[in-house]
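Remarks on the structure that follows.
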Number of protein chains: 2
Amino acid sequence: MFQLFAAVCISFIGMSCSSSVSSEAVYPEEAVLENIFARKSVRSYLDKGVEQEKIDMLLRAGMAAPSARDLRPWEFVVVTDRTLLDGMAFELPYAKMLTQVRYAMVVCGDTQRSPMWYLDCSAATQNILLAAEAMGLGAVWTAAYPYEDRMEVVSRYLGLPEHIAPLCVIPFGYPTAPEHAKDKYDPSRIHRNIFGEQ
Amino acid sequence: MFQLFAAVCISFIGMSCSSSVSSEAVYPEEAVLENIFARKSVRSYLDKGVEQEKIDMLLRAGMAAPSARDLRPWEFVVVTDRTLLDGMAFELPYAKMLTQVRYAMVVCGDTQRSPMWYLDCSAATQNILLAAEAMGLGAVWTAAYPYEDRMEVVSRYLGLPEHIAPLCVIPFGYPTAPEHAKDKYDPSRIHRNIFGEQ
């Protein structure tokens with residue numbers, strides 16, 4: 001186990017100059033942990049198509065998330081229409097990169113199905129971001145919920161019914177260049193049994 | 001790419017009788033996707049210690065999550081005190097398995113640091129669950145937020161300050177037996193550009 005820990009830490013240091021996990025065969029445990037540490041928010045994309053199989057895998061990954069009482073209150077809109085992508089880019093303050101991409105995944109929640117839709121859909125979003133990283137894609141979580149104005153924009157463009165709320169818009173595609181993952185480890189955030197005890 | 005898709009699908013079918021991803025070397029992309037599909041909620045645990053390196057890795061995985069404006073509004077409490085685990089099990093309606101485990105990870109958010117703490121902490125929780133699966137551990141997300149009564153229980157036991165809110169309690173440890181991951185894929189949840197168009 002210490003070996004694994006050391007291997008992942010070393011890989012993590014080495015990873016700062018690679019865009020995603022290596023393509024060489026490794027042990028699954030290492031690959032999963034490396035991918036979690038390699039994930040980053042990508043905001044610059046090539047004008048290049050993404051294989052349909054990869055898009056399907058993003059959707060499958062999203063639906064593999066856990067959900068409260070297993071209610072699965074998610075809906076996924078794959079946006080490829082240029083007018084919709086550009087329109088949302090124009091109206092959403094932090095999603096300007098939608099003009100660069102050919103694809104966005106909009107993760108929505110059914111507010112009638114579960115009052116905890118936004119937590120379950122956040123877990124689904126994280127699955128999608130991790131799957132994208134593993135497949136060499138770049139992606140970024142741009143928030144719609146809880147901002148009413150942004151939710152209105154997305155709902156209007158995508159024709160969402162009243163009870164379907166957009167959590168986020170995830171532009172995705174192939175990144176223009178390798179990007180660094182930040183090392184966000186901070187031992188001061190760890191507590192032992194009682195808050196403040198370390 | 002089709003090969004990968006087929007490989008993951010076949011593995012997924014085969015996986016129903018294995019507790020976690022295989023320990024043989026594989027390509028990282030496959031390993032990451034398989035692990036996402038293999039993750040399940042484990043509610044039955046062995047009375048067995050977990051290596052400190054694995055616990056450290058769960059914490060590192062949590063802190064590698066994305067967060068709105070990179071504010072990282074998370075705090076993690078690792079609970080190992082028997083009195084605390086049993087006390088929370090007694091008072092929390094859906095966390096009775098805390099009596100079986102030696103460990104729980106409580107993911108909390110700093111409500112002063114970010115108004116979106118519960119979304120960021122959900123992504124951190126998903127990273128922890130995926131890392132646990134990859135390391136052969138079982139874990140389960142039991143909700144505290146948004147239930148005020150459950151949040152009060154957790155806050156009282158762990159001495160959380162007023163501005164620190166518990167999102168969830170994650171009991172973890174080695175599972176008693178291999179468990180199945182559900183296949184939750186549902187193509188009716190996928191929409192193309194406009195909601196309802198498939």
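What follows draws every value from the coordinates through simple rules; no lab data is involved. Not measured: the values here are computed from a predicted model. Cβ: placed from backbone, ideal geometry, glycine included. Neighbour counts: every protein chain shown.
General remarks:
- Exposed GluC sites (Glu not before Pro) absent - longest run of chain A, DSSP non-H/G/I/E/B, at most 14 other C-beta within 10 Å: A:52-161
- Ranked by how many other Cβ atoms sit within 10 Å of their own Cβ, fewest first, the residues B:SER41, A:SER188, B:SER122 fall in the order A:SER188, B:SER41, B:SER122.
- Volume per residue that the Cα convex hull of the range B:137-198 spans, once the total is divided by residue count, Å³: 169 Å³
- From its DSSP helices (H runs of at least four residues, each -39,500 (n - 2.57)), chain B gives a residue-normalised ellipticity at 222 nm of -12000 deg cm²/dmol.
- Chain A: Cα Rg divided by the 2.2 N^0.38 Å rule of thumb: 1.10
- This model, with +1 at the C-beta of Lys and Arg and -1 at the C-beta of Asp and Glu, gives the protein assembly as shown a dipole about its Cα centre of some 140 debye.
- The angle between the Cα long axis of helix A:28-38 and the main principal axis of chain A comes to about 60°, on a 0 to 90 degree scale.
- Model label points for B:GLU152 and A:TYR185, set 7 angstrom from Cα along the Cα-to-Cβ axis, are 4.0 nm apart.
- The phi torsions of the range A:61-74, fed into the Karplus equation with coefficients 6.51, -1.76 and 1.60 and a -60° offset, translate into couplings of 4, x, 6, 8, 5, x, 8, 4, 6, 6, 7, 6, x, 9 Hz, rounded to whole numbers, with Gly and Pro shown as x.
- Virtual spin-label span in nm between A:HIS163 and B:SER44, 7 Å along Cα→Cβ: 3.6 nm
- Segment A:LEU71-A:GLN112, extension gain: residue separation times 0.36 nm, minus the distance between their alpha carbons: 13.7 nm
- Take the Cα of B:GLU91, step 7 Å toward its Cβ, do the same at A:GLN198, and the gap between the two points is 2.6 nm.
- Among A:PHE195, B:PHE90, sorting on how many other beta-carbon atoms sit within 10 Å of each Cβ, with the fewest leading, yields B:PHE90, A:PHE195.
- Once divided by 2.2 N^0.38 Å, the Cα radius of gyration of the protein assembly as shown becomes 0.93.
- Checking the cross-link pairs A:LYS184/B:LYS40; B:LYS48/B:LYS96; A:LYS40/B:LYS96 against a 25 Å limit on the alpha carbon distance flags A:LYS184/B:LYS40; A:LYS40/B:LYS96 as lying beyond it.
- Of the residues A:VAL154, B:VAL79, A:VAL26, the one with the fewest other Cβ atoms within 10 Å heads the list, and the complete ranking is A:VAL26, B:VAL79, A:VAL154.
- Per residue, the convex hull spanned by the Cα atoms of the range B:23-79 measures out at 158 cubic angstrom.
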